[in-house]
Structure formats: structure tokens, C-alpha cells
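Notes follow once the structure below has been shown.
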Amino acid sequence: MNLETIQDPGFMKQYNDKELKALGEDIRAFLIEKLSVTGGHLGPNLGVVELTLTLHQLYDTPKDKLIWDVGHQSYVHKILTGRADRFDSLRQYQGLCGFPKRSESEHDVWETGHSSTSLSAAEGMALANQLKGGDSKVAAIIGDGALTGGMALEALNHIGHEQTDLTIILNDNEMSISPNVGALHSMLGRIRTAGTYRRTKEDVDHMLRRIPAFGSKLASYADRMKDSMKQMVLSGMFFEELGFTYLGPVDGHDLDDLHANIKYARDTNGPVIVHVLSKKGKGYTPAENDAKGTWHGLGPYKIESGEVIKKPAAAPAYSAVFSNTLQKIAEMDPRLVAVTAAMSGGTKLDTFAEKFPDRMFDVGIAEQHATTMSGALATQGMKPVFGVYSTFLQRGYDQLVHDVCRQNLNVLFGIDRAGLVGADGETHQGVFDIAYLRHLPNMKILMPKDENELQHMLYSAFHNDDGPTAVRYPRGNGLGVEMDEEFQLIPYGKWEIVREGTDCTILSFGTMLPIVEEAAAVLSERGTSVRIVNARSAKPLDDEMLEELAEEGKPVLTVEEAALKGSFGSAVLEYMADHEHDSLSVRRMGIADYYVEHGSVPELYEELGLTSEKVVEKVMAMTSKERTNIRG
Ligand SMILES: Cc1ncc(C[n+]2csc(CCOP(=O)(O)OP(=O)(O)O)c2C)c(N)n1
Ligand SMILES: CC(=O)[C@@H](O)[C@H](O)COP(=O)(O)O
Ligand SMILES: [Mg+2]
């Protein structure tokens, strides 16, 4: 079938199994082919083909509501709701979003990208429906990884209490990005086994009862024994005890099994959880055999061989420098403990865990728990390092305030994906952490200009015993600079002049330095002499340098890859105002007050005006204005 002719799911409502199977095969082939060029979350989507087909047969969207969690597995849903023709632009600038997007389609009723929000959203929509006397059906599709997120358990608690009519499809493929972790995961594993156990039980029952004379006595005795075992292993009781009807485990690739159970759930009063067992990467061998999470989300690949096409990297990934530096420190200092919230691959803490298995804790998708636990580790003299994406640390904000900063605990936050991340788009850009950290008393915020300075910053922060420090670094690879053999201590609040100049000073924060240096070279050719400062801490600032700049009186420009409101440039403005340097001209470049969607980072730099050309323009305006002022 030509999937690009699909307008909406109406066409498949009456499809029989054979037609659905054929459609499923077309969808798998389409995904494998398209994503081999664009990249994306192939594994998760291959795992939900039959499930999504069944949902769109049984639910009449957009009247009925389907909510996808984490949302990276919504490509099949997007194909069935008329967007197959946009897949060549998947996760590209002004192209198809990799997560549900309400502006893209009326069938996308809730936007996700951060994990574990679907149950709360489903409850909200179901309660609204109830209050309005509507007849919409609501279903949330949540993965076994996302179920480990605290929000999901908060919602289960409330939904079970309210007894709201809604269905939760638990898509259990035993994987988070990498293999799932935690007691919930083990419990689900027991259910998977119990599922097999239950089928065996029925077979045994049938066999026993066929024994003449005492067979039925034997069977009922065996039943009693089996039931106590069932209670023990059939942990669907966990959900039943919370007030849910538990159905499962259901074969996530068997259309009949799915249809019967999800239809039953849809038409049952009260909350129902359907435990679906699926295979991540189903239908494409390299993805099916993926034990590490390579095929969770990836770039282009060769379909036949499954070879992932990697661009030759001239420099190490910042995440690798982070992990390698921690390993070097951990060899010298037994107090170092690494923590991740289900991102061991992305943060490269998986390589740390290979060397120090007892000193790396993956807590699941639980940033709140990770933050507070790290604080408590510090109270006991350990030196915890929480490796976390900027955007995901937002999930642990109160724990940052209430537990870590207020108690001034020695936690080092390795904030990865700081700045624009690109293809994951607005839910993942790491552009708010300076703003959400800077106003917290006791927090320090550092960002290196390159990978060599990153190792020194991590080393310096690790040896700082004056409370929490955030060392932030971007997604992707470094600049290819030489790495010092020996660690150096970088004093907090001491910036570095990397180029002398007399007409204007640019305070470059973190990754902006190459763009600023390029602009300075152009400005120099035009006769404007620019001083460049590697302003490597947003808190504390370099007060001494700021006083000198104020004294000198030349224009100052701050440049950062972060939200302008509340980040580094704001800190400089605040400083100058608070110290009554009212005549100094300070201007800022950064990310304006909106959510930056998906695209390549260079394209997003263009959109945001974070280019050397724009820096040149800005400085020319500032200095010519300054010159005009002098001439009067
Ligand atoms: C708050 C938050 N933390 C971490 C992530 C990163 N993340 C994206 S998908 C994923 C794993 C999800 O596992 P699961 O829900 O089982 O979905 P599957 O990929 O197995 O279908 C993680 C950890 C996130 N999106 N949101
Ligand atoms: C869906 C999700 O949140 C993760 O898969 C995320 O896309 C990983 O990002 P990186 O590719 O930067 O590790
Ligand atoms: Mg999973």
C-alpha cells in the first residue's frame, strides 16, 4: 500500500487480520527505509506496529484520545494519521517532529518528549470528559521505562482512587533506552514469566482432570497450591491492588490477542491496565538483537548490513570526556560515585560502570530521586556526580532547591546536552539550566570553551567542597584541541582573556567561542579591535574583570547558547546595574523567548542569529554608536 495516500485512520477500521498484517508489513518496510536516511527512533516504533494498528481500529481519534509516552514511538500513529508523506523531513528543520505535535495534527492530543507524563494527561482528559458528560475514550500508551518515572506512579495512585474510565497500555519490551532497571522492571519480568506460568497452569489443570477417579481431587489440591504461587508471582496483583483491572500479559504482535484485550479494556468501566509484551525493533534483525540501545534512536544506517553510518569524528564527544575524566578521578579517589537516570549510554557513564560497577547507579527515569539521593550520598562524605541532560534535570528542580542547594551539599552535576541539541527539538533543547540554576543560593555554574577545559573544570569542581556545582557541556564532539595529560585546577569566577582588543569586549560563554573568534577576525579586518573573554562561569561571575570593564567604559557584548531571560547575559546586566555602572553599554546575544523546534544546530544558529555575521553586525552597531557618542 502507498502509505502516503493515507489521510486518516478511517480506511482501516474494517480491515481484517490479513489486511492489517499486510499494512503492518508495509509500515515496517517504510520505517526501515525512511529512517535509514533520516535517522530517528527506529527500535521503539518497530515494536508498536501491531499495537498502533489495533488502537486506531478500536479508538476513533481525535474524538477518542491516544497519548504516547515517551512519544518517540508515535511514528506509526503519524503514518496512520496522514503524515507518511512528511517522513523525508523527520526531525529536520521545519520538518516532521519526532514526537507528538498538536500543531501537526488533530490526532496528536498531547505533546510528549519527556517521560512519564501520559498517565497524568490521560487522567486530566478523562476527568474532563466525565465532567462534560462526553463519550470520548482515553488511552495512554506508556513504556516499561517510562513507568519508572515518578509522575507515572503519582498518576496511578490518583487514577486508582478516582476509578476514572481510562485505559493504560503498558508496552513492556524490557528495554528503556538500554535494558530497563529497577524493582518495577523485575516485577514486570515476573509477570512475563507468570504469563507463561498461567498458560502452563491451564495445561496442567486440563491434564490432571483427565486422570480417572482421583484426578479432579488432585487437580483441586494442585489448584490451591498453584493459586498461592500465582499470588506470589502474578504481580498483576500490584495493579489490581491499586484499583485497576489488570489484563495481560498480552502478545504485542498478535493482532487477535491485542484486539480482544484492548477492546475489553476500552469497554470496561473504571481504569484498566493492559500489559502488552512487545519486542523493541521487531521485524528488523539488527534492531531486534540490540542489547545496548543502539537502535533506540540513531542516525542513518545501511539497511542490508545494519551498519550505522558514523561521520568520522575529529575530536572526542564531550560525554566521553566527561566519563573518562570521572574514571581517572575515581581511580585516585574512592569517594566518587556516579549517578544516571536511565541515560547511561547517552552520558557515557556505561563505560564508567564497566570499570567501577559498584560505583555507578542507574536509578531509572527518576531524576528527582537521583538528585536527592546524590545529596544524601554527599552528606555521608561521598562525592556524587549526577550525569544528566540539561532538559531532564528540569524534572528534579525542587530536589535541587530543597535538598541539594539549600543544604549546600557537595554534588557535582555533569549537565550534558547543554545548549541546542538539534533533532529532538523543543522538548530537549538544553537552554534553560543556567536560568533555573543561577538564582539558587550556593549553586555554581561553569561551562568550558572546549573539551580540554572540560576535564579541568570537572576535576576542579570535584575538589570543591563548597557545595553544589554544575558543569555544563554540549551534545556532540569537542573542537579537536590537545588534551593535557595532567589535571589543572581552574579557580571559580576567574575568566580568561583569549584575545586582546581595545574597542569592545565580548564575553563569550561556553560553546560560543569559535563563532565569536570568527567574528573578531572579520571585525579586525574592518578596523575594529575586539577583546574576547572566555567567560567560563555564570556563577560566580568574575567581579574583578567586570569592574575593570566598567572602569574602561568600552561596550560589552555577552554571547551565549542559552535562553536570554535569566542566563549569563542577565547575570552581567544585573551586576552592572547593582554596582551602578549605569553608563556602560551592555548588549546580549542568545536565545530569544520561545521554544526552539527541531533542526540541525547550524540551522538553529541561523534562525536564532547566533552566527559570526550577527556578532559582527552587533559589535559594529555598538562601536559605531560609541564612536558617534564620542564625536557628539
Ligand atoms: C524525564 C525524561 N528522562 C529521560 C528521558 C530519556 N528517554 C527517552 S526514551 C527513554 C526510555 C523509554 O523507555 P520505554 O518507556 O520503555 O520506551 P521504549 O523505548 O522501550 O519503547 C528515556 C530514558 C526522557 N525522555 N525524559
Ligand atoms: C526520546 C529521548 O528522550 C531520548 O531517546 C533522546 O532522544 C536521546 O537523546 P540523545 O540522542 O542526545 O542521546
Ligand atoms: Mg521499553
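The values are calculated or read from the model by the stated rules, or taken from the named source; none is laboratory data. None of these values were measured; they are calculated from a predicted model. Note that we place each Cβ from the backbone using ideal geometry, even for glycine, and neighbour counts take in every protein chain shown. What goes into the accessible areas is simple: the full protein's heavy atoms, side chains included, and nothing from ligands, DNA or RNA. Shrake-Rupley method; radii C 1.70, N 1.55, O 1.52, S 1.80 Å.
I need to check one value: relative contact order of region 318-472, counting alpha carbon pairs closer than 8 Å and at least 6 residues apart, in percent.
Values: 296 pairs, mean separation 35.6, N = 155.
Value for region 318-472: 23 percent.
Could you work out the Rg to Rh ratio of the chain, with Rh taken as the Kirkwood radius (inverse of the mean 1/r over all Cα pairs)? Show your work: numbers first, answer last.
Working: Rg = 27.7 Å, Rh = 26.8 Å.
My calculation of the ratio gives 1.04.
Of the peptides 580-589, 497-506, how do they stack up when ordered by the mean number of other Cβ atoms within 10 Å, highest first?
497-506, 580-589
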Taking only the C-alpha atoms, wrap a convex hull around region 46-202 and report its volume per residue in Å³ as a whole number.
137 Å³
For Ala29, project a label point 7 Å along Cα to C-beta. Then give me every residue of region 274-314 with its amide nitrogen under 17 Å of that point.
283-285, 303-304
Pick out, from Ile497, Val556, Phe509, the residue whose Cα sits farthest towards the positive end of the charge dipole of region 496-630, with +1 on the Cβ of Lys and Arg and -1 on the Cβ of Asp and Glu.
Val556
Whole percent per 10 Å bin, from 0 to the bin with the longest distance: what is P(r) over all C-alpha pairs of region 496-630?
12, 46, 34, 8, 0
Taking 0.36 nm per intervening residue step and subtracting the Cα-Cα distance, what contour gain separates His579 from Glu240 on full extension?
115.8 nm
At R0 = 51 Å, how high is the FRET efficiency between Ser529 and Tyr595 if r is their beta carbon distance? Nearest 0.05 is fine.
0.85
Relative counts (whole %) of C-alpha pair distances in region 1-45, using bins that are 10 Å wide
24, 49, 24, 2
Give the Rg (one decimal place) followed by the Dmax (whole number) of region 127-188, computed from C-alpha coordinates and expressed in Å.
13.8, 42
Could you work out the helix-only [θ] at 222 nm for the chain, with each DSSP H run of four or more residues adding -39,500 (n - 2.57) and the total divided by the number of residues, to the nearest 500 deg cm²/dmol?
-12500 deg cm²/dmol
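With a cap of 15 neighbouring Cβ atoms within 10 Å, and only residues DSSP puts in a loop, list the chymotrypsin sites (Phe, Trp or Tyr not before Pro) found in region 495-599. List each step's numbers first, then the result.
Numbers: sites: Trp495, Phe509, Phe568, Tyr575, Tyr594, Tyr595; in loops: Trp495, Phe509, Tyr594, Tyr595.
Loop-located and lightly packed - Tyr594, Tyr595.
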Residue-span extension gain [Arg209 to Glu486] - 0.36 nm each, minus C-alpha spacing:
92.2 nm
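Before I look further, what does the chain give for accessible area per residue, probe 1.4 Å, in whole square angstrom?
Values: 26160 Å² over 632 residues.
Counting only protein heavy atoms, the per-residue value for the chain is 41 Å².
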quick shape note, region 264-340: Cα extents on principal axes in Å, largest first -> 59, 41, 17
Once you place label points 7 Å from the Cα toward the Cβ at Glu617 and Lys565, how far apart are they in nm?
2.3 nm
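Are any of the pairs Lys18/Lys101; Lys565/Lys618; Lys280/Lys565; Lys302/Lys355; Lys34/Lys263; Lys263/Lys292 more than 29 Å apart by Cα-Cα distance, and if so, which? Intermediate values should be presented prior to the final figure.
Values: Lys18/Lys101 31 Å; Lys565/Lys618 19 Å; Lys280/Lys565 40 Å; Lys302/Lys355 32 Å; Lys34/Lys263 32 Å; Lys263/Lys292 34 Å.
Correct reply: Lys18/Lys101; Lys280/Lys565; Lys302/Lys355; Lys34/Lys263; Lys263/Lys292.
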Which order, highest average first, do 602-609, 305-312 follow once you tally other Cβ atoms within 10 Å for each residue and take the mean per peptide?
602-609, 305-312
Accessible surface of the chain [probe 1.4 Å, protein heavy atoms]: carbon and sulfur percent:
52 percent
Projecting each Cα onto the charge dipole of region 318-472 (Lys/Arg +1, Asp/Glu -1 at the beta carbon, about the Cα centre), which of Thr427, Val401, Val321 comes out farthest on the positive side?
Val401
Two-decimal log10 I(q)/I(0) for region 318-378, as the Debye equation yields it once each C-alpha is a single scatterer, q = 0.14, 0.18, 0.28 Å⁻¹
-0.35, -0.59, -1.25
Among the aspartates and glutamates, which fall within straight-line cross-link reach of Lys383, defined as a Cα-Cα distance under 18 Å, with same-chain neighbours fewer than 8 residues apart omitted?
Glu331, Asp333, Asp358, Asp362, Glu367, Asp403, Asp465, Asp466
Along the three principal axes, how long is region 318-472 when you take its alpha carbons, biggest first, rounded to the nearest angstrom?
38, 32, 30
When each pair of different Cα atoms in region 3-289 is counted once in the 1/r mean, what is the Kirkwood radius in angstroms, to one decimal?
19.8 Å
In nm, to one decimal, how far is the modelled label at Glu354 from the one at Ser186, with both set 7 Å along Cα→Cβ?
2.6 nm
Can you tell me which aspartates and glutamates have their Cα less than 12 Å from the Cα of Lys13? Leave out same-chain residues fewer than eight positions away.
Asp60
Which whole-number percentage describes the relative contact order of the chain, with Cα contacts under 8 Å and a sequence gap of 6 or more?
11 percent
